[in-house]
Amino acid sequence: MRFKFYVRFFMRIGILGGTFNPIHNGHLQLAQKARQKLRLDKIIFVPANIPPHKSKAGILSARERYKMVKAAIKGHPCFELSDYEIRSKGTSYSVKTLEYFRKRFGVQARIFFLAGSDSLGQLNSWKDLKNIIKMVDFVVVSRPGYKTTEFPGIRIMSIPTPDISSTALRRRIKSGFSIRGLVPGAVSRYIHKRGFYK
């Protein structure tokens, strides 16, 4: 009984949100390396229902993106999937999601909110950014092609990841090029089977 309490008290949780349209190997490598570097017990992937800073055009339904993330992380014991933002419906705001996980894991847990450096240019428009910084450890992970500028209360962490973006993948699919090796095999097969992004 004492052992269970000890594990829960010192739990270190990573939260990785995103549109995941589609999820790719860059996301997975970022999560895996961040987990190792920050000594996280697990990372929870949270697909957005409606992302507040992106156009809805070309974005698959939240449930389809959820299924792709589920297929991508299958077999990774330290990865978990949450449909919280999908169940909440409407626009997905990080502050609400983090409030949910803070309540779920309690004040004892240390929560790390992971975001790519492409988010830095939009931070001033985020809903309740100050509360996010107070509530969790906000970690921005450098991504190829994006500058990492200092931001008060936010930790910048350098993690080498492949230069892959969901936007580029959608363009490749639309142009008839292969995405083999850029996304997990299960995700590639699902996209091909459903005819997505064409």
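Read-outs throughout are calculated quantities, based only on the coordinates presented, and are distinct from any laboratory measurement. Treat the numbers as computed from the prediction; the structure is a model and nothing was measured. We place every Cβ from the backbone using ideal geometry, glycine too, and count neighbours over all the protein chains shown.
Per-residue Cβ neighbour counts within 10 Å put Y197, Y66 in the sequence Y197, Y66, beginning with the fewest. For F138, nonlocal amide neighbours, meaning residues 5 or more places apart or on other chains whose placed amide H falls under 5 Å from its own, are F113, R155. Exposure proxy shown here: for K33, K67, K193, K198, the number of other Cβ atoms within 10 Å sets the order, fewest to most, as K193, K198, K33, K67. Cα axis of helix 94-105 to longest principal axis of the chain: angle in degrees, 0 to 90, nearest 10? The angle comes out near 50 degrees. Using alpha carbons only, how many angstrom separate the centre of the range 23-100 from the centre of the range 170-185? Rounded to whole Å, the Cα centres lie 20 Å apart. Kirkwood hydrodynamic radius computed over the range 2-164 comes to 16.2 Å, based on all pairs of distinct alpha carbons.
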